[in-house]
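Undergrad: This is the structure, below, for whatever I ask next.
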Amino acid sequence: MQKNWYLVYTKPKCENKVASILTRKKLEAFCPQNRKQAKQLRRIKLVFEPLFSSYVFVCTEEQNIPMIRQTENVLSLVYWKGKPAIIKPEEIAMIRSFIKDHQDIKLEKIEVNPDEKTRILNQPNYIMDGNILSLKNKSIRANLPSLGFNMVAEFEGETVLGREILFGSKHLSLQ
């Protein structure tokens, strides 16, 4: 049987718990964590919270869906046209890469379009690893069309994804 990525809808604030339970059931679960800086008293603390509120990704065969739906704190799966929505592996890879390289990520709602390619967007555009990389005003944006979101992150300095950026000439050096 072929494994696909599905999106599980959970009770509020139960994302990590559901991901843990699904992992114990020998399923590949992914709950992307957004790193945020929070001020507490006189210091800044790094806080981790789920990037997608009330959602967990799970990679499994279709025959395991009833077991997933019966899992504690799972409300349902996300459906598209009457079937459980299948998330493209490229989008999962994009999320993993984006959360690894950026913090304080914001999500913007967009129209769901499962046929559109996953890409990083804005102007100017550069080709990198088959995706379009774009930068604007020290922010970077990645498009997740089948999820209906853009991920947006601000970056400091002159590096993005471990590569040098020359802002004056609007050039990205892929060294």
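Undergrad: Once Rh for the stretch 1-87 is found with the Kirkwood sum over Cα pairs, what is the Stokes-Einstein diffusion coefficient at 20 °C and 1.002 mPa s, in µm²/s?
TA: Details: Rh = 13.8 Å.
Reported coefficient: 155 µm²/s.
Undergrad: Using alpha carbon centroids, what distance separates the stretch 57-83 and the stretch 93-114, in Å?
TA: Cα centroid to Cα centroid, the span is 22 Å.
Undergrad: Taking 8 Å as the Cα distance limit and 6 or more residues as the minimum spacing, I'd like the relative contact order of the stretch 1-87 as a percentage. Let's see the in-between values first.
TA: Numbers: 156 pairs, mean separation 39.3, N = 87.
RCO, the stretch 1-87: 45 percent.
Undergrad: Another one. Quick check for you: which residues of the stretch 1-28 have the amide N under 17 Å from the point 7 Å beyond the Cα of residue 62 toward its beta carbon?
TA: 1-7
Undergrad: Please give the contour-minus-distance gain from residue 25 to residue 42: 0.36 nm per residue of separation, less the Cα-Cα distance, rounded to one decimal in nm.
TA: Full extension of this stretch gives 1.9 nm more.
Undergrad: Say the cut-off is 29 Å between C-alpha atoms; which of 25/83; 39/88; 13/109; 13/81; 17/138 go over it?
TA: 39/88; 17/138
Undergrad: Can you tell me what percent of all Cα-Cα pairs in the stretch 40-85 are more than 13 Å apart?
TA: 69 percent
Undergrad: Once label points are set 7 Å from the Cα along Cα→Cβ at both residue 86 and residue 70, what is their separation, rounded to one decimal in nm?
TA: For the pair residue 86/residue 70, the computed spacing is 2.5 nm.
Undergrad: So how far apart, in nm, are the two label points at residue 3 and residue 79 if each is 7 Å from Cα heading toward Cβ?
TA: Placing both labels 7 Å beyond Cα along the Cβ direction yields 2.6 nm.
Undergrad: Output ³J(HN,Hα) for the stretch 24-29: one whole-Hz value per residue in order, computed from phi by the Karplus curve 6.51 cos²θ - 1.76 cosθ + 1.60 with θ = phi - 60°, and x for Gly and Pro.
TA: Computed from phi, the couplings for the stretch 24-29 are 5, 7, 6, 10, 7, 10 Hz.
Here, each number is a calculation from the coordinates, and none is a lab measurement. Computed from a predicted model, the values in this text were never measured in an experiment. Cβ: placed from backbone, ideal geometry, glycine included. Neighbour counts: every protein chain shown.
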